[in-house]
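The values are calculated or read from the model by the stated rules, or taken from the named source; none is laboratory data. Note that the coordinates shown come from a computational prediction; the quantities given were computed from them, not determined experimentally. Here the Cβ positions follow ideal geometry from the backbone for every residue, glycine too, while neighbour counts run over all protein chains shown. Just the protein is used for accessible areas: all its heavy atoms, side chains included, with ligands, DNA and RNA removed. Shrake-Rupley method; radii C 1.70, N 1.55, O 1.52, S 1.80 Å.
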Amino acid sequence: MNRAATASAFRLLLLLFCAAQTTHARETALTVENAWIAEAPPGIGVNAGYLTIYNRGEHERILERVSSPAFGRVEMHRTLVSEDGGSTMRRRRTIPVPAGDALDFSPGGYHLMLFENREPVRRGDNISLTLHFADGTLLKTSATVRRRGDHNHH
Amino acid sequence: MFKPGTMKTASLILALMGLGMLTGLYTARYYQPEPESPDIEGLFWPDPKQLHDFSTIDHTGRGFGLDRLKGQWSFLFFGYTHCPDICPVTLSVMDRVQQELERRGVDNARTVFITVDPGRDTTEQLAQYVGYFNPDFIGLGGSEAQIRSLTRQIGVVSSRGEPSKEGEYLVDHSASLFLIDPRGRLISLFSAPHKANAIVSRFMAIRRFLGQQA
């Protein structure tokens, strides 16, 4: 192997290494934490889901939809309480996650609506959720089914 | 030298002054000004609304009217069992409130959930729903007219959304909690977001204040 070939091989390795680093950085810029699903009260076939998305990157990310193999349909909703105390539910088609910020899906605010469960949803189950972003990024997480009030999530 | 007339006037003035002092003393000792509205958020004072009779059906199938509210403190919450977020959130907060009140020795306060969706919320559905959150919770339903006999008095309005192709619909409704005192008066409103600690401490303050008024 001559010197030039060694140098270019080295350069190639360096390039690959840098590319890997960049990919890694892009992946960890967007994370999802504390995903949980509220056990549905008896007689109710719809579950609510909550989680927090962190965007440590430099660009806003748009959450377009959430899917789960355990549910036929997942919608994104927001509870709004007006000044006179009236509450209303709004379906959201997309939700932006600003750069350097977090988006909280939490009780009384944004929440996932999980319809058409394929299996009975029981307390303690771990259910896989996939978050789909407008730039094509997919983020997978696992949500534990809990009874509301059985934890100190705020 | 004093003229008799001057003496008369002086005595009268002295007598009046004495009377004034006595009145002042009496006032200071026995007169307490009408208590002003205390600094308690959401309190309807000094004119809490006295509820009149209404006729709903509880989750056991018994009639539930004004007499069932008397003698106890009641937290009223209006919602529906298919409500995805705010209703279960509020009822689980109220479960914590009830536990904390019990711990503090309050045994005459309870939570009443009134459906604004009688089409889907049958007596059976209400029973299993409220019982899931707390076995002592009371669920109220009945016909649209029966429910209105209560909601109208509290000033709670609700409106049903358009059903989806799956036939599901959402209902907009009040997110507030309404406190009824043991005399059946609407005494306070608690606005969302609801926090158990805040509800407990405000309830204790209201109970203390009303105890002083009795």
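Observations, loosely collected:
- Test: A:L112 is free of Cβ contacts under 8 Å to residues at least 12 places away in the same chain, in contact with a strand residue (DSSP E or B) (Cβ under 7 Å, 6 or more places away or on another chain) and at negative phi: no
- Candidate set from the stretch B:187-213 (those that are open to solvent by less than 30 Å² (accessible area, probe 1.4 Å) and assigned to a loop (DSSP other than H, G, I, E, B)); member that is farthest from the other protein chains (Cβ to nearest Cβ): B:H194
- Of the candidates B:E102, B:E166, the single residue that is acidic (D, E), open to solvent by 10 Å² or more (accessible area, probe 1.4 Å) and under 23 Å from B:K70 (Cβ atoms) is B:E102.
- Checking each residue of the stretch A:34-50 against the condition of being modelled with pLDDT of 95 or more, assigned to a strand (DSSP E or B), exposed (fewer than 15 other Cβ atoms within 10 Å of the Cβ) and of a type outside the set (D, E, K, R) gives no match.
- Unmet criterion (only one of (1) closer than 14 Å to B:F77 by Cβ; (2) out of contact with any helix residue (DSSP H, G or I) (no Cβ under 8 Å at 6 or more places or on another chain)) for B:F209: (1)
- Condition check for A:Y54: within 27 Å of B:L126 (Cβ to Cβ), part of a strand (DSSP E or B) and aromatic (F, W, Y): no
- Total residues in the stretch B:88-112, condition closer than 21 Å to B:I154 by Cβ, part of a helix (DSSP H, G or I) and aliphatic (A, V, I, L, M): 5
- Each residue in the stretch A:74-97 was checked for being open to solvent by 50 Å² or more (accessible area, probe 1.4 Å), not in a strand (DSSP E or B) and not charged (D, E, K, R), and 2 pass.
- Test: residue in the stretch B:132-145 that is assigned to a helix (DSSP H, G or I), closer than 17 Å to B:P88 by Cβ and modelled with pLDDT of 95 or more: yes
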